[in-house]
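S.K.: I have a structure here, written as structure tokens, and I will follow up with some questions on it.
Every read-out reported here was derived from the displayed coordinates using simple, explicitly stated rules and does not represent laboratory data. What you see is a predicted model, and the numbers here were worked out from it, not measured in a lab. Note: ideal-geometry Cβ built from the backbone for every residue, glycine included; neighbour counts use all protein chains shown.
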Amino acid sequence: MRIVIGEDSALFREGLARLLEDAGHEVVGRAGDATALVEAVTRERPDLAIIDVRMPPDGTDDGARAAKELRAQDPELAIVLLSQHVETRHSVELVAGGRVGYLLKDRVFEVDDFMDALRRVAAGGSALDPEVVATLLGPRRDDDPLALLTPRERDVLALMAEGRNNAGIARRLFLTDRTVETHIAGIMQKLGLHETGEENRRVLAVLTWLGVRQRG
Amino acid sequence: MVARRAAVVSAVCAALALVMAVCFLAAAPNRTSWLTLAIGVLVVPATTGLSVLVSRRRDGATVGMLLGLLSLSVAVVVAKEIWLQWLATTDDPTRWAWLVAVTAENAWWVLATFGLLLLHFPDGRVPSRRWRWVPAALVVATTVTQVDGALADEPFRAPLAGLARPFGPPPGWWQLCALVCFVGVLALVLASAVSLLLRFRRADRTQRQQIKWLALAGIGLPLYPLLCGVEILVWGEPLWFSGAIGLASLIATPLAAGIAVLRYDLYDVDKALGLAVTWGVVTALLLAVYGAVSSATGVLVGRGSEIGIALGTAAAALLLLPAVRLVRRAVDARMYPLRRSALTAVDELHREVSAGDARPEQLEERLRGALRDRELRVGFRVPGSTAYLDAGGEPVPPSGVLVLQDDEPTGVLVRGSGPASSELLREVADRCSTLVEVVRLRSEVARALRDAQDSRTRLVQIGYEERRRMERDLHDGAQQRLVSLGMQLRLAQRHLDDGTVDVDELLDQSVAELGTAVAELRQLAHGLRPGSLDDGLPAALSNLVRTLPMTVAMDVDDGPLPDAVATTAYFVASEAITNAVKHSEATRIELHVVRRDGQLLVRVTDNGCGGANLGLRSGLADRVAALGGSLRVASPVGSGTEVEAALPFERPSCAS
């Protein structure tokens, strides 16, 4: 993949670039602030942009704003946002739009998992940090449909929300693909969502549902 | 000028007449003469003195002169009466028969001057142009009456009843003319009294007060000739009753007129009227009780018994105070509603405040209603200043009646356009002093609470800002480094076997990163609370100044301190010194930490450019205030900065 990195800490940026190159990707742009990032992405038209949420010039959420701007320019651009802390609301909105990942920075340590997330997003899927997912699945109300799920179904739902496909979920939980399919059908029914054959769209529907629940 | 001179001349003549009276009395002392002289002494000197005082005022010349003439006419009548007594004792009174006849009716002049006084009171002018002829007519009619007295053919009054009339009987037409003039005198004096009423209707506040004064004393004046007439009609001669009323009026009227012109505001005339009526009623009531009780006892025990007198006195004494209160309330309600309503309003508010149904700040609104004065202001003295503010915080001018508490002014009542007199306001001020004090204390407490609340809010905000800064420092510093470190270790791990990476160098880099992260964390922790404080304030401060690019002269007390005091002292010193090093261009900084009177004084001085920014203060002052201490920053531009914090380190004892 051709990748552009937007990250103000040179140390982290170079380390990440090295990891990516090591994994066989091509880092075509390295930007230290939001402006340079937008320039690099516009110039290079990469497959994926990895963007730190907090960047100069303002040092607040410049990275997230740059991501929205880039997404508006090119709906096909895959974006993975890296953050230092868990932020639920906006991240879920972004991720539920598809082709976006939201991960804490230290997920980089699990190199294989991290690379898998990058691949999923680039392929049109999504990646949501497990910490954010845990917040999303927290208890809300007494008549919560989530309370109807079996523990197994909850596990499956969490992995779905992280953006994993059926095979990924099956591998993680040591289940067969068929069993996972059954669980997912149960979940979709209990949450009142329409079954759709396409995995990515199913994930996004679940995320949207969780985001709405979070706001309510 | 003429009027003023006339007043003085009258005064001299009146004095002469009194001296003459004394001489005649000395030659032929008797009871009637003594009584007459007593009246003269009661009336003449006081009236004369007032006339001179009043005539010296710019607007009092005419009234002063009339008072002088009044005094003179009384003196002349007194002198004449005593002279008559003396004359009766001489061998040959016939020699002076003509003078006896001429002065026979000169007492009418007293009444006439009274009338003139009423006509010209209080500004020296008649009420309107229509009244111009009245003074002249009064003088002419009185003259005719006196002449008629000289010509009359009835016998003289006792003791000269035997003296023959020196002038012949007047013709018939004259008698008719004299009768008309006599009635004219009475009518004109009555009209003068009425003129005062007319004037009252049109008068402003001051004139009304003045007229009320005269009314207070002059109640008896129109009554005197009427009562006199009634007595003559019924009993054939004037009795003591009309005389007493006339005499009381005679004494009181000039006094009242004088007070009215000189100091109409001296005393609340409404209140005086109310008091006069109250005490009159109470006296009558007590006399009745005394009489009833003592005669009832007399019937039971026997007449003249001491028990009866004792019981009567006791009953009267027991009833005195409640009777005064009851009658006062009733009289006030009828005659002086303003006073009654104002005092009731204050008492009611008092009660409601005690019951928690009202706030003492409503005093102004209540008094405005009760005193019918919508512009009335109630000011409360600001603690520690001489300014007055109303309950809403608006300034109130101090030009009014002061409310005093232990002789210290605590508030002020400022009259707007209402009818309340200063005397009434003084009474209201007395009555509401507690309420005013309560409002003052409440506002003081509210201010202190507000200050404390502000300080707390600032402390919380500063706390949040510090947290935010610390979060940023952690994310951007140590956390970032640790994440990078983790990535490097992963890389090293992946390439451990294939030899494409210099693992040795990578590990060196990683350890260096780790060292930097630890240093950053240490710095951050130090910002939270310097660990060296565990070794005492002197050690922490020594550490602090060791890192500075310049030497700081230190003198630090090393006694044990509560942790909060030591920490705050450290931050005061740290902020002040850092500020001096960064911004003041100072070449010398001194730090003193000493104990004095249970307080720790932290003083940082420098010889820099001064003008230290106040941002220094906000956070520090609140931290210092949170410990009950105080912070002072003196930083005049161009002459150095001095920061001093006083931190109490012992709890103040309760018995201070």
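S.K.: Which lysines, on any chain, are close to A:K105 with Cα under 24 Å apart, when same-chain ones fewer than 8 places away are left out?
M.R.: A:K68
S.K.: Continuing with the same structure: Would you please put B:57-66, A:89-98, A:46-55 in order of how densely packed they are, using the mean number of other Cβ atoms within 10 angstrom per residue and starting with the highest?
M.R.: So the peptides B:57-66, A:89-98, A:46-55, ranked by packing, come out A:46-55, B:57-66, A:89-98.
S.K.: Turning to a different aspect of this structure: Please report the relative contact order for chain B, taking Cα pairs under 8 Å with a sequence separation of at least 6, and give it as a percent rounded to a whole number.
M.R.: 6
S.K.: Now for a different question. Give me the Kirkwood hydrodynamic radius of region B:535-648 in Å, from all C-alpha pairs, to one decimal place?
M.R.: The Cα-based Kirkwood calculation yields 13.9 Å.
S.K.: Evaluate the Kirkwood expression for the hydrodynamic radius of chain B, namely the inverse of the mean inverse distance over all pairs of different C-alpha atoms, and round to one decimal in Å. Show your work: numbers first, answer last.
M.R.: On the way: mean 1/r = 0.0289 Å⁻¹.
About 34.6 Å, per the Kirkwood formula over Cα pairs.
S.K.: Divide, for the protein assembly as shown, the radius of gyration over alpha carbons by 2.2 N^0.38 Å, where N is the residue count.
M.R.: 1.85
S.K.: At 25 °C and a viscosity of 0.890 mPa s, what translational diffusion coefficient does Stokes-Einstein give for region A:177-216, taking Rh as the Kirkwood radius over Cα pairs? Give it in µm²/s as a whole number.
M.R.: 232
S.K.: Please report how far the C-alpha centroid of region B:28-103 lies from that of region B:123-153, rounded to the nearest whole angstrom.
M.R.: After rounding, the separation between the Cα centres reads 20 Å.
S.K.: Quick check on packing: order A:14-25, B:541-552 by the mean number of other C-beta atoms within 10 Å, highest mean leading.
M.R.: A:14-25, B:541-552
S.K.: Normalised by the empirical 2.2 N^0.38 Å for globular proteins, what value does the Cα Rg of region B:1-59 take?
M.R.: Details: Rg = 13.9 Å, N = 59, 2.2 N^0.38 = 10.4 Å.
Its radius of gyration relative to the 2.2 N^0.38 Å reference: 1.34.
S.K.: OK, next. Give the Cα extents of region B:329-479 along the principal axes, in whole Å, largest first.
M.R.: 88, 32, 29
S.K.: Taking the beta-carbon count within 10 Å as an exposure proxy, list B:E352, B:E642 from fewest neighbours to most. Let's see the in-between values first.
M.R.: Values: B:E352 15, B:E642 18.
Final ranking by Cβ density, sparse to dense: B:E352, B:E642.
S.K.: Suppose we keep just the alpha-carbon trace of region B:2-267; what are its Rg and Dmax in angstrom?
M.R.: Spelled out, the Cα radius of gyration and Dmax of region B:2-267 are 18.7, 60 Å.
S.K.: Next up: Working only with C-alpha atoms, what are the Rg and Dmax values of region B:52-183, expressed in angstrom?
M.R.: Cα-based Rg and Dmax for region B:52-183 come out at 17.6, 54 Å.
S.K.: What's the local net charge at B:D606, with K and R +1, D and E -1, over the other residues with C-beta under 10 Å away?
M.R.: Here the charged neighbours net out to -2.
S.K.: Have a look at B:S421, B:T551, B:G168 and report the one farthest towards the positive end of the charge dipole of the protein assembly as shown, computed about the Cα centre with Cβ charges (Lys/Arg +1, Asp/Glu -1).
M.R.: Positive-end residue among those listed: B:G168.
S.K.: Okay, next question. Expressed as a whole number of Å, what is the distance separating the alpha-carbon centroids of region B:338-384 and region B:570-598?
M.R.: Value for the Cα centre distance between the two parts: 53 Å.
S.K.: Where the Cα atoms of chain A are projected onto their three principal axes, how long is each span, largest first, in whole Å?
M.R.: Over chain A, Cα extents along the principal axes are 48, 35, 28 Å.
S.K.: Residues with beta-carbon under 15 Å from that of A:V27, excluding A:V27: net charge, scoring Lys, Arg +1 and Asp, Glu -1?
M.R.: Value of the local net charge: -2.
S.K.: Around B:R4, what is the net charge, scoring Lys/Arg as +1 and Asp/Glu as -1 over all other residues with Cβ under 13 Å from its Cβ? Before the final figure, lay out the partial values.
M.R.: Working: positive: B:R5, B:R56, B:R57, B:R58; negative: B:D59.
Every neighbour counted, the sum reads +3.
S.K.: If you place +1 on the Cβ of every Lys and Arg and -1 on the Cβ of every Asp and Glu, how big does the dipole about the Cα centre of region B:39-188 come out, in debye to the nearest 20?
M.R.: Using Cβ point charges on Lys, Arg, Asp and Glu, region B:39-188 gives about 740 debye.
S.K.: Counting Lys and Arg as +1 and Asp and Glu as -1, each charge on the Cβ, what is the dipole of chain B about the Cα centre in debye, to the nearest 20?
M.R.: 3900
S.K.: Let me ask something additional. Counting only C-alpha contacts under 8 Å and six or more residues apart, can you give the relative contact order of region B:338-439 as a whole percent?
M.R.: The value is 27 percent.
S.K.: Output the relative contact order of region B:517-640, whole-number percent, from Cα pairs under 8 angstrom with separation of 6+ residues.
M.R.: Reported relative contact order: 20 percent.
S.K.: Let me ask another. Taking the Cα centroid of region A:94-134 and of region A:144-216, what is the distance between the two, rounded to the nearest whole Å?
M.R.: Each part's Cα centre sits 16 Å from the other's.
S.K.: Which values of log₁₀ I(q)/I(0), to two decimal places, follow from the Debye formula for region B:448-528 at q = 0.12, 0.17, 0.20, 0.24 Å⁻¹ with a uniform point scatterer at every Cα?
M.R.: -0.53, -0.75, -0.88, -1.03
S.K.: Starting from the exponent 0.38 and prefactor 2.2 Å, build the expected Rg for region B:74-147 from its residue count and divide its actual Cα Rg by it.
M.R.: 1.45
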